[in-house]
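These notes are about the structure you will find just below.
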Ligand code: NAD
């Protein structure tokens, strides 16, 4: 099927490439000319394993195109995915839908009918109705359907997630839309991946309910970790012990510095606002939002405690900046609040991240960026593991100790065990375990 994808960010690009991979004819459109120029030279503007090869292969096979020309992308297309950003509105935390509405209007202006317009972005319940109004008002003559098809991929494993999804949720209101969606996802249905057809509002809400539930698990385990530290329990054991119960499940029970990223913080907040607007406040999610905000900055105080609360003028080495490994995404990364907190205490920050340093420059000031973990810890008074990149799992601590001014390690991802670090002479603190003394 000939399909247009509007918005070439993490979701639009991965969706477009994967739909081309399964045999559709895909044209991806973005307003950002520099991004499109790069992609037309097979350069992928984001870091996602395997994506660059897939872009090159599908472009070479003639199934995948990139352009800024929406009219050309929509010519003869049967379907158009909207995959533009829906960031938090700064003033009040509601989802900012201006990009969605603008994209809907642009599509309506250029569409050739009949067209199924599929919203892949994460949008509050009811947005599909408003998109329908916009398209109808802009083009009363156009034959179209509006579908909700939220995306559940995870950055860092985006291709695997798209190609082998846990489920595909599709919110449709007409038989025609359902038929077109079934055709788009036929290669996935043929492999047995579950496809759930619901109405549009159910589909829109499912995405927020899923993300908020995952955030809830993380906020919960982080609070239990706090308790572990003062009662002599070990959060890893607790997580394992509860996660083996299939009603709870093992995933998303790793304690850490608080959740971040481009989805959980904005989606939990947007769900809170939607619920409040409908006078059905989700108190539990309101609490999670505030627990998580508190936790991120609290990590800077935890680091200061490891330096006997005398951090003014000290040099802190930050290992890992992105909100999780295998991505270059810095949006709402816990490192931002942690570093800000440490800088407010008067520390000097040196940082190293395998992929995130370019993007970090947009969010953080007055940082010395280093080429490697070893360069980062040079003459540092403390080192902090913030992101669990694989290369931080096997750090050469004997050498690191000789380089640091003081051998203090704060491991916010529980990558190490305190005994072995103590054996090489480190003061070590992680999350959810009493400090090694
Ligand atoms: P992004 O910010 O990385 O990319 C959005 C892209 O859309 C940008 O390249 C921008 O230039 C382009 N754009 C904006 N308006 C446009 C227009 N009118 N025409 C053409 N292009 C336009 O966003 P993202 O991270 O891919 O997220 C997109 C949506 O998917 C969001 O709603 C997000 O919540 C959701 N989502 C994201 C993830 C994730 O892991 N990033 C996962 C699931 C769902």
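The values are calculated or read from the model by the stated rules, or taken from the named source; none is laboratory data. Quick caveat, the model's predicted, so the values are computed rather than measured. Counting neighbours? That spans all protein chains shown, and the Cβs are built from the backbone with ideal geometry, glycine included.
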With respect to residue 50, is the statement that it is in the same structural domain as residue 6 (by TED's automatic domain parsing), under 21 Å from the mean Cα position of the chain (by Cα) and at pLDDT below 95 true?
yes
Report those helices (runs of 4 or more DSSP H) wholly inside region 259-362 carrying at least 2 residues which are under 26 Å from residue 432 (Cβ atoms), in the same structural domain as residue 410 (by TED's automatic domain parsing) and within 16 Å of the ligand (Cβ to nearest atom).
264-277
Counting only residues that are within 12 Å of the ligand (Cβ to nearest atom) and part of a helix (DSSP H, G or I), how many does region 38-59 have?
2
Is it the case that region 124-140 has a residue that's within 20 Å of the chain's Cα centre (by Cα), assigned to a helix (DSSP H, G or I) and within 12 Å of the ligand (Cβ to nearest atom)?
no
Tally up the residues in region 102-114 that are more than 9 Å from the ligand (Cβ to nearest atom) and either under 22 Å from the mean Cα position of the chain (by Cα) or surrounded by fewer than 22 Cβ atoms within 10 Å (Cβ to Cβ) (or both), please.
6
If I go through region 396-405 residue by residue, how many of them are touching a residue at least 60 places away in the same chain (Cβ under 8 Å) and farther than 14 Å from residue 350 by Cβ?
0
Out of the residues in region 60-99 that are assigned to a helix (DSSP H, G or I) and near the ligand (Cβ under 8 Å from one of its atoms), state the one that is surrounded by the most Cβ atoms within 10 Å (Cβ to Cβ).
70
Evaluation of residue 151 against (1) within 11 Å of the ligand (Cβ to nearest atom); (2) under 19 Å from the mean Cα position of the chain (by Cα); (3) outside any loop (DSSP other than H, G, I, E, B) (one fails), failing number
(3)
Does residue 165 qualify as being closer than 30 Å to residue 52 by Cβ, free of Cβ contacts under 8 Å to residues at least 40 places away in the same chain and either not in a helix (DSSP H, G or I) or not assigned by TED's automatic domain parsing to the domain that holds residue 12 (or both)?
yes
Just to be sure I understand the filter: pairs with C-beta atoms under 7 Å, separated by 6 or more residues or on different chains, first member in region 45-56 and over 16 Å from residue 8 (Cα atoms), second member part of a loop (DSSP other than H, G, I, E, B) and within 16 Å of the ligand (Cβ to nearest atom). Which pairs pass?
49/326
Quick check on region 1-37: of everything there that is within 14 Å of the ligand (Cβ to nearest atom) and part of a loop (DSSP other than H, G, I, E, B), which residue is surrounded by the fewest Cβ atoms within 10 Å (Cβ to Cβ)?
32
Quick one: how many residues across region 412-423 are surrounded by 13 or more Cβ atoms within 10 Å (Cβ to Cβ) and more than 32 Å from the chain's Cα centre (by Cα)?
1
In region 214-245, what residues are within 16 Å of the ligand (Cβ to nearest atom) and exposed (fewer than 14 other Cβ atoms within 10 Å of the Cβ)?
none
Return the only residue of 233, 209 being over 27 Å from the mean Cα position of the chain (by Cα) and farther than 21 Å from residue 323 by Cβ.
233
Just checking, does region 195-211 include any residue being touching a residue at least 60 places away in the same chain (Cβ under 8 Å), in contact with a strand residue (DSSP E or B) (Cβ under 8 Å, 6 or more places away or on another chain), within 30 Å of residue 294 (Cα to Cα) and not in a loop (DSSP other than H, G, I, E, B)?
yes
